[in-house]
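Colleague: Pasting a structure here, questions to come.
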Amino acid sequence: MLHCFLLDCSGSMLAGERLARAKGMLVALFDRAYRERAKIALVCFGGGRAEVRRQPGVAHWFNERWVAPIGGGGGTPLTLGLASAATVLERAARQRPSQRRWLWVLTDGRTNEKPQAPASADEIVVVDFEEGSIPAGRGKALAHDWGARYITADALSEGDDYSYHRGV
């Protein structure tokens with residue numbers, strides 16, 4: 001199993017410490033992958049660029065050390081981030097065709113881009129960090145458009161079972 005995480009590092013994720021929460025959640029998900037002997041990959045996007053921060057490999061117990069320095073700022077190039085994640089997933093599919101590939105998109109959805117879901121992901125989970133009294137609902141809309149699972153960051157952090165909800 002490969003869990004590819006796509007982390008929104010845009011300026012809007014800095015507000016309300018959403019990026020800090022997302023990084024904490026990543027560490028918890030990496031730890032879970034370590035216990036399950038699953039592989040992980042990490043792609044970060046923000047400020048007009050996307051970067052593969054971790055090629056697919058075994059999760060380690062020291063994940064917090066390399067996640068902590070990840071910074072944020074700038075715009076939300078979701079399409080570019082998804083293209084980078086798709087490249088990682090496609091390469092993994094060629095190397096291990098029978099491996100299940102999950103894409104986790106951790107974002108507040110503050111973008112007007114409406115990219116297509118990567119075809120090489122067997123499962124997609126949109127973890128929504130949107131906050132505020134009047135939600136725009138873009139994370140939920142992405143999940144719906146992609147036929148992906150949708151969960152709010154609050155709901156995911158409330159339980160260790162990491163139950164998912166289908167996008168509505």
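The values are calculated or read from the model by the stated rules, or taken from the named source; none is laboratory data. All figures in this text were calculated on a predicted structure; none of them were measured in a lab. Quick reminder, even Gly has a Cβ in these numbers, built from the backbone with ideal geometry, and neighbours come from all protein chains shown. When the accessible area is computed, the model is the full protein with side chains, heavy atoms only, and any ligands, DNA or RNA have been set aside. Shrake-Rupley method; radii C 1.70, N 1.55, O 1.52, S 1.80 Å.
Colleague: Please verify whether Thr87 is on the phi < 0 side of the Ramachandran plot, touching an Asp or Glu at 6+ places or on another chain (Cβ under 7 Å) and surrounded by fewer than 17 Cβ atoms within 10 Å (Cβ to Cβ), treating the condition exactly as stated.
Modeller: The answer is no for Thr87.
Colleague: Which residue out of Lys114, Lys140 is surrounded by fewer than 19 Cβ atoms within 10 Å (Cβ to Cβ) and modelled with pLDDT under 95?
Modeller: Checking each option against the conditions leaves just Lys114.
Yes or no, residue by residue, for (1) within 13 Å of the chain's Cα centre (by Cα); (2) charged (D, E, K, R):
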position: His3; (1), (2): yes, no
position: Leu14; (1), (2): no, no
position: Glu36; (1), (2): no, yes
position: Val58; (1), (2): no, no
position: Trp66; (1), (2): no, no
position: Gly81; (1), (2): yes, no
position: Arg96; (1), (2): no, yes
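Colleague: Just give me the residues in the range 1-19 being under 23 Å from Glu158 (Cα atoms) and open to solvent by 60 Å² or more (accessible area, probe 1.4 Å), in sequence order.
Modeller: Scanning the range 1-19 gives Leu14, Glu17.
Colleague: If you take the residues of the range 147-168 that are open to solvent by less than 40 Å² (accessible area, probe 1.4 Å) and modelled with pLDDT of 90 or more, which of them is nearest to Glu123 (Cα to Cα)?
Modeller: Ala148
Colleague: Something else: Out of all the residues in the range 63-83, is one or more acidic (Asp, Glu), modelled with pLDDT under 95, more than 20 Å from Ser10 (Cβ to Cβ) and out of contact with any His (no Cβ under 9 Å at 6 or more places or on another chain)?
Modeller: Checked against the condition, which is being acidic (Asp, Glu), modelled with pLDDT under 95, more than 20 Å from Ser10 (Cβ to Cβ) and out of contact with any His (no Cβ under 9 Å at 6 or more places or on another chain), the range 63-83 yields at least one hit.
Colleague: For the range 1-18, which residues satisfy the criterion of being closer than 15 Å to Val43 by Cβ and among the aliphatic types (A, V, I, L, M)?
Modeller: Leu2, Leu6, Leu7, Met13
Colleague: While we're looking at this one, here's another question. When Val125 is evaluated against the numbered criteria (1) of a type in the set (A, V, I, L, M); (2) open to solvent by 80 Å² or more (accessible area, probe 1.4 Å); (3) closer than 24 Å to Asp154 by Cα, which criterion, by number, is the only one it fails?
Modeller: Failed condition: (2).
Colleague: Could I ask something else about it? What do you reckon, is Gly48 of a type outside the set (Asp, Glu), open to solvent by 50 Å² or more (accessible area, probe 1.4 Å) and within 22 Å of Ala136 (Cβ to Cβ)?
Modeller: Judged against the criteria, Gly48 is a match.
Colleague: Only one residue in Gly74, Gly57 is touching a Lys or Arg at 6+ places or on another chain (Cβ under 9 Å), open to solvent by less than 70 Å² (accessible area, probe 1.4 Å) and over 19 Å from Asp108 (Cβ atoms), so which one is that?
Modeller: Gly57
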